[in-house]
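What follows is one structure encoded as structure tokens, with my remarks underneath.
The values are calculated or read from the model by the stated rules, or taken from the named source; none is laboratory data. Predicted, not measured: the structure shown is a model, and the values here were computed from it. Note: ideal-geometry Cβ built from the backbone for every residue, glycine included; neighbour counts use all protein chains shown.
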Amino acid sequence: MWSGSALVLLCVILTVNAEINSLTYIYTAFTRPVGLPGIHEFSAIGLLDGRPIDYFDSDTQVKVPREDWMKERLDKEYWDKGTSSRKIKQQWFKDNLKILTDRLRKNDTVNHYLQWRHGCVLDTEGPERKLSGIDQYSYDGDYFLSFDSVNKQWVAHMDEALPTKRKWDGIQQLNAYTEGYLHNECVQWLDTFVKYRKEANIKAARPEVYMSARPFKNHLKLSCLATTFHPKDIIMNIRRDGHLMDRLDGLQSTGIRPNGDGTHQIKMWVLIPGGDTAKYTCEVNHPASKIHEVKEWDHHVEAEGPPVGLIAGAVVGLLVVGVIITGVVIILRRKRTQAENVVPIQPVQMEHQTLLTGTPPISVYYPL
């Protein structure tokens, strides 16, 4: 029979040891300049495991590395072709924003936005590699169209997307490009980038630890949060007067979750009586950064609402699609339905086909 503490530890270990990597590209375009610092009329960002690795925007007009190892390992031709590729996408977005604004009968005096998110997620835990592809297309934060890689066809998420679905489903070569990118080329680049990153021996990011309590029904909810750490291997414990608390004490955990900047967070909490005078501590061990931190609760009770630490470590999770632009996160998705299988944009292959062959894929020529 497993003890409560053993079960908690097992859950943490299973979450930490899962070898899951992702490569995602997010493109966002507005119908006109936004007028806010760091937010551009068009931007594109590449993310490896949620961490920015390259970036392009309509003001700089140059694709640049966001990691030193990207700059060191990829030559000038890679960045030049990447710049050309994203300039073509920039024009495609501008043209198709006009098409969708007219089709959806939107007020063209309001700033609308179009987003494309595509990439692949690879789970190498266990004897077989598990692959999933993401190709999602949205307008003003609402799902518009997505690629179903199982049936190799587009899925319309609103009536106004049906003309695009019918048109793109009739282009066999377009669907083949999309399927090929998600299950072949994206995975090859993912493996390559993970290899480059490991060889660069990226410096670990230490966790920030917060401990707080706030009213919850007739109790206090005592929480411990560790955030902004990388890599994700971490151990967290909460003790009461030295006693290691576990599920038998009501201890709960979110497990390890990604932040929007490529770092991670974990939160544990337990309900305690109001006025409890016991000594509560939160212990965090992060081997990669050689950090062992013990935070003691000072018996201060926060007002209603999320603790400051939780806000600082807010997760860009599956229910929102975030676009990270020079440190600014813009939430672009409003709906929860069909979380991970949405949104295509025709230049699915263009990013890498252009880099490999110097020629944009045929999909770049097809409007919505």
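The set of residues in the stretch 75-128 that are charged (D, E, K, R), closer than 29 Å to THR60 by Cα and touching a helix residue (DSSP H, G or I) at 6+ places or on another chain (Cβ under 9 Å) comprises GLU77, LYS81, ARG86, LYS89, ASP108.
Just checking, which of ILE134, ILE171, ILE88, ILE99 is touching a Cys at 6+ places or on another chain (Cβ under 8 Å) and touching a residue at least 12 places away in the same chain (Cβ under 8 Å)?
Details: ILE171 fails: touching a Cys at 6+ places or on another chain (Cβ under 8 Å); ILE88 fails: touching a Cys at 6+ places or on another chain (Cβ under 8 Å); ILE99 fails: touching a Cys at 6+ places or on another chain (Cβ under 8 Å).
Step by step, each of ILE134, ILE171, ILE88, ILE99 is checked, and only ILE134 is touching a Cys at 6+ places or on another chain (Cβ under 8 Å) and touching a residue at least 12 places away in the same chain (Cβ under 8 Å).
Restricting the stretch 176-225 to residues that are surrounded by 22 or more Cβ atoms within 10 Å (Cβ to Cβ), at pLDDT below 90 and not aromatic (Phe, Trp, Tyr), which is farthest from CYS282 (Cα to Cα)? The residue in question is THR178. The condition (being among the aliphatic types (A, V, I, L, M) and in contact with a Ser or Thr (Cβ under 6 Å, 6 or more places away or on another chain)) is satisfied by just one residue among LEU97, LEU104: LEU97.
In the condition set (1) at pLDDT 90 or above; (2) touching a Phe, Trp or Tyr at 6+ places or on another chain (Cβ under 9 Å); (3) of a type in the set (Val, Ile, Thr); (4) surrounded by fewer than 18 Cβ atoms within 10 Å (Cβ to Cβ), ILE238 is compliant with all but (4).
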